[in-house]
Each structure stands twice: as C-alpha cells, then as structure tokens.
1. Could you sort 400-409, 606-615 so that the peptide with the highest average Cβ count within 10 Å comes first and the rest follow in order?
2. For Leu642 and Arg70, compute 0.36 nm times the residue count separating them, minus their Cα-Cα distance, and round to one decimal in nm.
3. Hull surface divided by four, with the convex hull built on the Cα atoms of region 704-768: how many nm²?
4. What net charge is computed for the residues neighbouring Leu741, neighbours being all others with C-beta under 12 Å from the C-beta of Leu741, Lys and Arg scored +1, Asp and Glu -1?
5. With charges set only on the Cβ (+1 for Lys and Arg, -1 for Asp and Glu), what does the dipole of the chain come to about its Cα centre, in debye to the nearest 20?
6. Give the calculated FRET efficiency between Asp733 and Ile334 to the nearest 0.05, with a Förster radius of 56 Å applied to their Cβ-Cβ distance.
7. Kindly sort Trp225, Trp601 by accessible area of their heavy atoms, largest first, with the probe set to 1.4 Å.
8. Between region 108-146 and region 546-590, how many Å separate their Cα centres?
Amino acid sequence: MIAAKHLILSFGSVALLSVPVAAQLTGAPATDQTATQTPAASPSPVSTPAAGKHVVPVPPEKAKPIRVPRFDKPPVIDGKLDDEVWKQAAVFKDFYQVSPGDNIAPSAPTEAFIGYDSKFLYLAFHCYDDPTKVRASVAKRDQVFDEDNVRVFLDTFNDQRKAYVLGWNPLGIQQDGIITEGQGDDFSVDIVMESKGQITSDGWVVEVAIPFKSLRYEAGKDKLWGIHLFRNIDRFNDEFDSWVPMSRDISSQLSQEGHLTGLEGISTERTLEIIPSLTLSETGKRVNALTPAQLEANKTLQDPGRMLNQPIKHDIGLTMKYGLTPTVTLDLAINPDFAQVEADQTVVTANQRFPIFFEEKRPFFLEGIDIFQTPLQAVHTRSIVDPDIAVKLSGKRGKNTFGFLIASDKAPGNFSQDDRNNLSSLPAIQRFLDKNAYIGILRIKRDVGKESNIGFIWTSYNFPEKHNQLAGFDGRIKISKQKTFTFQVLGTTSRRCFPEPALDAHRPGASDGCFAGYDPIAGNPTRGAQTQSYFRTGKGLGYLVRYNRDGRHFYYGFNGQGRTQDYRAEVGFTRRTNTNNLGGYMGYSSEPKPKAKLISWNFNTSTGISYNWQGLSQSGYVEASGNLNFQRNTYMGFGSALGYERLFEQEFGLKRTAAHDGAFFGGPERSTNQLNAYLYGGTKPSKKYGLNTFMSYGHNSFDFDFGAGPKFERVSPAALANPSAPLDPGPGDSYDLELSLNLIPANALNMSVSYSKNWLVRNDTHRLAFSDDIYSFRSTYQFSRFVFARARIDYDTLSSNARAQFLFGYTPNPGTAFYVGYNDDLTRNGFSPFTGQLEPGFRRNGRTFFIKMSYLFRKSFGGK
C-alpha cells in the first residue's frame, strides 16, 4: 500500500504546525514599534501594515539587542503583575500577527516584561482580551498549546540552531521543550521553573521565574541571547502573534529572532540533582487451571485458567544530574525505574512487514536527546531496554556540541520464566541467559558559519554473538535564507546472525552457529516464512541527502537515502535494509486572507522510486494533494497517488535454488500497480470540543499472506488449498478510517475518544485478509495543576484485547512525583492461550497494582 497518510504529514499539512509558521512568513512595512524600559498602563495601539508582498523590516528598536534590567528584589510569582519591581523590566509590545495573517495587526494587544537577578530570569505577559472568551483549562503539563498560550524561544547560546521553547496557558500551566532547526520541536524536555497565571478583567496575566541553573547557557559581558516572544489566540483560527516580524521567505525561525543583552553577574553555582525512586507492584497472571496431562487426555476440555498473584516486587532506582558548568551536564542512572506510567499507543500490527517506531518516553534518555538525533536515526534509545547503569555527559563549549553515553542493559539476557522453564527445548538461549548488553554512544557536532553544522556519530552494541559498531558523518548546510542541504553517511560492521535466503550459497567466513534461525534479540524470522540464519561478519553502508528550497509561495525539494543488505544500527532504528529511495516534491501556498471564509490553501505534488542494491525496482509513486484552511479552526485535505510495488521472496525468507524451494508459492516475485486516495479534515470551533477524521482507500494494496492471528487465517489461493503452503502474497482493496473527538466539558476535565478501522479484501479469493477495529478512551481530571486522576481504556478487536489503566498522580515538579495505579489486561471473545479454543465473554489475562514515587533533591554549590 502506498503510504499516503505519511506523505500528507510531510507535504500536505503546512497549516497544522504547532509553532508559528515563521519559516514561511513575510509581509509589508510596519509602523515604528519599540521595546522600552517602562511598562504601559494600557495596551498600545498597533497600526496595520500596508498591504504588500515585500518583507517587513525589523524596526531599529527591535533590531538592536534589548538590555535586560537587573532587579533589586524578586517579584512574587502569583499571576498578578502588581509588584513595583516590574516597572524596572524591559517591555516588549506592539506584536505582529504572523499566522494566519502576514505581519498585520494582531486581534488583541500583548505586552511582555523581562528582568533578572543573579539566580532567576523573570518573565511576565499581559494578554489583553475579552475574559469570557479566553480558552484555558487546568491542562496536563506539556498539553497547553491546544488553547490560548504564550511562548518564548530562548536561544541561550545565540547560535540560531537550537532554543528552549517555554510556554504557559492563562492559568500558568507549563509546556517546555527544545526547537532545533531542521529537526522541529521536542516537548519531552522538562525544566524546573515557577509560573502562575490568572484571567483578569481585561484578559489574562502570567508570571514566570526560571532558575538559570535549569538552563544550559552562555552569559556575561557582551554575550547575547536570541529570543522570540509569541502569543497564540486559539479562537481566531489559531492566531500567532510575534514580537518581531517574521518573513515567509526565510526558512528559519531562529535566524529571525531578537536579542537580549546585559545578563551579567549571574551566579556560576553548580547544581546537583538527585532523584531516588521506589516502585512497589503486585502482578497477577493467568496460568493453567488444568495440567497438561488432563488436557492431553481430553482435548475437548476448556481450560478456564486461574489468576496467580506473584509476590510483591520492589524496584529501587536512582538518577543524578550534576551541572559541571552552565553548559555541561553529567547524568547518572543506577537501576533506574523505567516503568512507563503511560503505555504506548495501540496500533495496527496486521500485515506489517517492517518494525513499528515508538517514541522514547523515559526522562533519563530524554535529557539532551536532541544532541543524539541524526537524519538516519542512528540512535534510538529505546534499544536500551532495562539498564543496570547508564552514564551520560553532554553539553556545548563554544561551537562544539557533544554527547557521550554508556549503558549496561540487562534486558537481552533476562528471559521470561517460561523460557527458563523450557531450557531443554531451547538450549541455544543458555549461552545468553542473564548476560548484559553493553552500549556506547559518542556524538560531536560543530557549528559552521552562521547557521550550518557538521557532526560525527559513533555507536557500539555488544552482546554475546551480537556485536555492532556504527560510525559516520552528517551535516546541515544553510545555502541561503531559503535553501538547505542535509546529508549523512554511515558505515557499520556487525558480528551476528544474518538471514541467508540461499542455504547453499554460504558467504566466506559464515558459520551455522545460529539456532534454527533464532536471533537472541530480534527473535524468530518473518511470520509464515521459512528461513535460515548464519553467524558471520557483515559490513553495511547507509546514506541520506536532502535538499530543500522553502519560500513564501513556491517550495520544492529533493531527497535520497539508502541502506545496504548488511547495514545494522542496533542502537538506532532501521525500518528496512537493502533499499534506496529517491524522490522529490514541489508545492504552492496561497497568500493568507485571515478574514475570508477560505483563509489559505496549498497544493503539493511529489514523486519517488525505490530500488535495491542489486538494481531491481521495489516501488514507485506519484502523488498530488491539497489542503484548505477555513474559519473557526477548520481544515480539510485530500490527495491521490498512483504507484507500483514489487515483492521478492528473499525479502521474506528463502530464495529458491536448484536444491530447495523459495519462500513464495508459485513465482519468486509479485508486482502490481496501485491507486490510493485519501481525505482528511478537522474542526475546533469551540473550547469545548474538536473533531478530526482521516479516511483512505487503496486499490491493489498487498496482502503479504501472513494471516492475522487465530481470527484471520491466511486467505491466499495457496493457503486455502494447503494451510502450510509457502507465502502467496497478492493485491487487494484496503480501507482505513480514523475518527477522534476531544471534549473539555469543564476546565478541569479533558476527554478524548478515538476509533480506527483497517481492513483488506484480496482480489483473487475475495476473502477478508484481516479487519482490525481499535477503540480508545482517555480521560483526565485535574484536581489542581499538580494533582490528577486519569483513566485510559483501549480495545483491539483483532487481538480481542482490552487494556485499562487507572492512575492517580501528584507531580509538583519534574522529578518529584507520586503515582498510584491499576492496570488490567482482558480478552473479550478471544482464544485460550492454553488450548487455542474460543472463549466467549471476558477473560482476565493479567493485572497489576503499583505505587511509584520519586523525589527531586536539588542542591547548588559555589557561585557568587
């Protein structure tokens, strides 16, 4: 199936960005605007810039660095903005509307205030508005950008490459993250800071105190910080207002930032953070109620199973962070508690050839994760599953950014009790039992020129009979204000089990040391396919090149990437090997009209081909799509793609030779022309609710003939004649429907309901290959900013699995938390894990009750 949904995200959703679309903004001359040293008692009028299509010049008062006053005493952070000390602050006013308008007058005035002392940076916003129309709720941390909010970008190294993104809603609830040019936003970062907000008679006010020790920065005499100040007014079509004008002819936000100066005499204290954690849990697991002998004697017996509670488990962990300098941090984790408070999203797993990517959620690895990110995903820290110990050193000195991480992971050798009980049937795992994998990562990146950089990455993964080393270079070159070139080249060498499609064609140095194709980490080979693995050394190459030209209206780009057959990145994420992808795109965005019914539109077209390293084509496509943005936060998109896909049996298992059959029934390959059409849309006309939908149809999408569990046996012609026949992939019609509804019936209550349905019907047999319905419900009630109760229920019809999670939490700051939770795992009308027979109704598979607590101890040393 052509991946049209993913193409939309790349080329068709310009208007759905979560930050101001500054990389595509331009406008006309503006009136004189200033940042002053005395606050205005009332909002200052802003003249509407004259209509035009040339760049709005930055007023001289905003073009020069703004000196930040040093406060003689700290303000009280209570959301009232009534402390006398705020009169000393630098004032930032006369904002521009930069989206959907193009550097025009904002719908409502905004004023920002900034000051500092030796330990804190102080910010305040006064957002004028009708208080009855302000959109704000007692939201979860890091979920405030879907309502009214203010944001500040702090480029604390003034390198125009990376900045902190700090935001607050009208109630002072926080969102924090990192924006990196060329990579986008990452809101997994948590920063300790204090903020309060309240809705007032003339709008709303937020006050913030940010400890300097929570940031990485360079400061002192003649040092500059880059800064952006934004306000987001949700009800006005997600309006963004910026303190400085933003040009859509410049494909960078940080290169258009303003600047702060005067941050001198900051305390140079070093900070030690210690977070001990304790998790107590009791797990119940469904086990046999009948003995194997009883089941063997009477095969019609149904084993209902029984719940067996395991002993209470305790897990003690410790994480530490020490600020060696304001720019360099050392992190340590000893037996960290990486139990995820929130489970991964339920996704469709039927008919999937390649691995599914899940994001990192664990705080230790999220700290400074942007340093390790590269275009080819050479590092994906979820490959470090359960470390005994991990150490990380990261920071920036001058133009050099660096990160070094080492870890000992006990997960690869930590086999389940069932596996341990069956060592006689799996003798190969004995040599891996209770062994650790040792991981190392080194990342260095150097700033070049004004906005470019080059980098080096090295990773090492070592486990018995699985060794992998990776190294390479990458870079992002800013050619002009609109043009960017990105590249990466990686080389790998591995000593491990490799699949060998041709049994009689051993490569030099190979040995059949793998147990029946068993890979101690990755598990067994592709479903339904016969294969064989051999232990040997393999060397691989991965590459990526990307050229982008962004513009006010017209934009285009070219890209290419590939990985050889033996490319492995055990510390990273690799979706496919032995492939090359070449493609390009172009598009046109309209001039925005904020007051019109149709605010803006864009049209995109893209094309691409894939082929393996033997020169054989794998797939190709050409796609056209469009996106329309209307009033009341309403959008609609559509698209269609024509494509071609080709399958080779050696990608699924054995390659036929004179000595044996191949993985496919009949011929050694399959190919088909494909058509895909899709439609999506959404609206958020009110603070109370929002609706989104996506639907697609794919003609001649491949059924890979894997089957989909006991509910859907293989339905290919070969499988219907003989269920044990080799794979017989074939085309069919696929359908995808997704609906989601977000509800905020009260300021403290947030709910969402989503439904997705995916199914495929084969053309040759007209049988249903699979059908999967996923229902999800999430609800959070915030008793206060820091105390909440959450419920989550997911039901997947394909697996007949229902998961429920109920959680009570207290999270006063990053690092300090208390959770009480209960997880339940049930099957509805599923199949017995003991007999394979259908079990009507509900059956409980497992349950867990847990208490998790951690506390942040923070101590500063030295300084002045």
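The values are calculated or read from the model by the stated rules, or taken from the named source; none is laboratory data. Quantities reported herein were computed from a predicted structural model and do not represent experimental measurements. Quick reminder, even Gly has a Cβ in these numbers, built from the backbone with ideal geometry, and neighbours come from all protein chains shown. Just the protein is used for accessible areas: all its heavy atoms, side chains included, with ligands, DNA and RNA removed. Shrake-Rupley method; radii C 1.70, N 1.55, O 1.52, S 1.80 Å.
1. Highest to lowest by the protection proxy: 400-409, 606-615.
2. Working: separation 572, 0.36 × 572 = 205.92 nm, distance 6.17 nm.
Length difference between fully extended and current span is 199.8 nm.
3. Values: hull surface 23.3 nm².
Averaged projected hull area, Cα only: 5.8 nm².
4. Neighbourhood net charge equals +2.
5. With Lys and Arg at +1 and Asp and Glu at -1, about 860 debye.
6. 0.55
7. Numbers: Trp225 0, Trp601 105 Å².
These residues rank, largest area first, as Trp601, Trp225.
8. Taking the Cα centre of region 546-590 as reference, the centre of region 108-146 is 38 Å away.
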